[in-house]
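The values are calculated or read from the model by the stated rules, or taken from the named source; none is laboratory data. Quick caveat: nothing in here was measured; it's all calculated off a predicted structure. No Cβ is skipped: glycine too gets one built from the backbone with ideal geometry, and neighbour counts run over all protein chains shown.
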Amino acid sequence: MEDAMKNLVRQQFAPNAGKYVTSANHAKGEDLAFLVSCSQAEPTMDVLDIATGGGHVANALAPLVRRVTALDLTEEMLNAAAAFIRENGHTNVDFVAGDAEHLPFADVSFDLVTCRIAAHHFPDTGAFAREAYRVIKPGGRLLLIDNVAPELDVFDDFYNEIEKQRDPSHVRAWKKTEWIRLFEHTGFRTEMLARFPKRFQFRDWCERSGLPAHERTALEQKLLQASDAIKRYFSIETDETGGLAGFTGESAYIQAVREDK
């Protein structure tokens with residue numbers, strides 16, 4: 001099951017790698033600047049960026065630290081990230097193909113571990129949390145940003161359904177409380193949580209995942225025909241033709257420090 005899902009991730013991202021380098025939600029965003037400002041990055045630090053995607057976190061932290069290791073499951077994503085980062089003149093970034101749930105690194109190797117807009121693709125988030133804890137030095141930090149589901153189940157179910165319909169490699173966006181519980185049971189101490197409203201432009205959202213036109217139409221109808229409560233919660237908006245313009249979800253930044261058990 002997990003191997004099949006990881007193959008879906010590779011199949012989904014390999015042909016669309018370049019889109020994630022240029023995607024506005026990934027390349028910019030208030031959350032990325034917030035992560036960098038909270039990172040407490042120092043020139044002596046070694047950083048691991050898990051599921052680096054387009055390489056935006058690695059690119060932002062590279063000028064501030066000794067070395068960044070950018071890890072991703074998909075070779076094509078790594079190649080796209082490497083081209084982007086090297087074009088920006090950074091030479092202190094290593095690119096490693098690897099699995100977030102089975103990190104190919106020794107214990108206590110990194111001062112800082114980051115993971116941004118990726119964990120909703122992980123089949124086993126518990127394994128990801130344990131592996132992050134293992135490779136972080138005592139007193140080191142994990143900085144996670146991901147799309148999160150609402151706390152109310154009816155909205156949680158709807159959001160995860162539409163994400164899965166758009167992208168079959170989507171596993172689940174977790175609730176904020178679920179992340180905090182997982183990290184603290186793993187051995188981390190939560191230091192900070194911040195949330196960010198996240199606007200999804202429907203056309204861009206679908207094009208980035210390579211969704212075929214007929215499936216895009218079905219997804220659009222699902223959103224347009226949602227209940228009034230769901231339309232209000234997700235601020236579902238139409239354009240001048242009555243088509244779907246977009247909706248608003250949420251991402252969260254969670255900062256946790258490793259405490260020895």
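Residue count for region 87-144 satisfying the condition of being within 19 Å of the chain's Cα centre (by Cα) and among the charged types (D, E, K, R): 7. Might you let me know whether region 155-176 holds any residue that is among the acidic types (D, E), buried (at least 21 other Cβ atoms within 10 Å of the Cβ) and either under 29 Å from D111 (Cα atoms) or in contact with a Pro (Cβ under 6 Å, 6 or more places away or on another chain) (or both)? No, region 155-176 contains no residue that is among the acidic types (D, E), buried (at least 21 other Cβ atoms within 10 Å of the Cβ) and either under 29 Å from D111 (Cα atoms) or in contact with a Pro (Cβ under 6 Å, 6 or more places away or on another chain) (or both). Among the helices (runs of 4 or more DSSP H) confined to region 142-261, the ones with at least 3 residues that are farther than 20 Å from D124 by Cβ are located at 153-166, 202-208, 213-224, 228-233. E101 satisfies every condition listed in (1) modelled with pLDDT of 95 or more; (2) acidic (D, E); (3) over 29 Å from I180 (Cβ atoms) except (3). From the list N147, N59, N88, N92, the lone residue that is of a type in the set (S, T, N, Q) and surrounded by 24 or more Cβ atoms within 10 Å (Cβ to Cβ) is N59. Among the residues examined, M77 qualifies as out of contact with any Asp or Glu (no Cβ under 6 Å at 6 or more places or on another chain) and surrounded by 15 or more Cβ atoms within 10 Å (Cβ to Cβ).
You will find that of F95, F105, F84, the residue that is part of a loop (DSSP other than H, G, I, E, B), of a type in the set (A, V, I, L, M, F, W, C) and farther than 20 Å from E191 by Cα is F105 and no other. You will find that of N147, N160, the residue that is free of Cβ contacts under 8 Å to residues at least 24 places away in the same chain, closer than 16 Å to A252 by Cβ and touching a helix residue (DSSP H, G or I) at 6+ places or on another chain (Cβ under 9 Å) is N160 and no other. Of all positions in region 245-252, at least one carries a residue that is touching a residue at least 24 places away in the same chain (Cβ under 8 Å), farther than 17 Å from N147 by Cβ and hydrophobic (A, V, I, L, M, F, W, C). Counting residues in region 194-217 that are crowded, with 16+ Cβ neighbours inside 10 Å, within 20 Å of the chain's Cα centre (by Cα), farther than 28 Å from A33 by Cα and in contact (Cβ under 8 Å) with a residue 12 or more places away in the chain gives one or more.
Residues that are buried (at least 23 other Cβ atoms within 10 Å of the Cβ), of a type in the set (V, I, T) and modelled with pLDDT of 95 or more within region 4-51 comprise V47, I50, listed in sequence order.
Output yes when any residue across region 109-125 is within 30 Å of E220 (Cβ to Cβ), of a type in the set (A, V, I, L, M, F, W, C) and in a strand (DSSP E or B), and no when none is. No, because not a single residue in region 109-125 is within 30 Å of E220 (Cβ to Cβ), of a type in the set (A, V, I, L, M, F, W, C) and in a strand (DSSP E or B).
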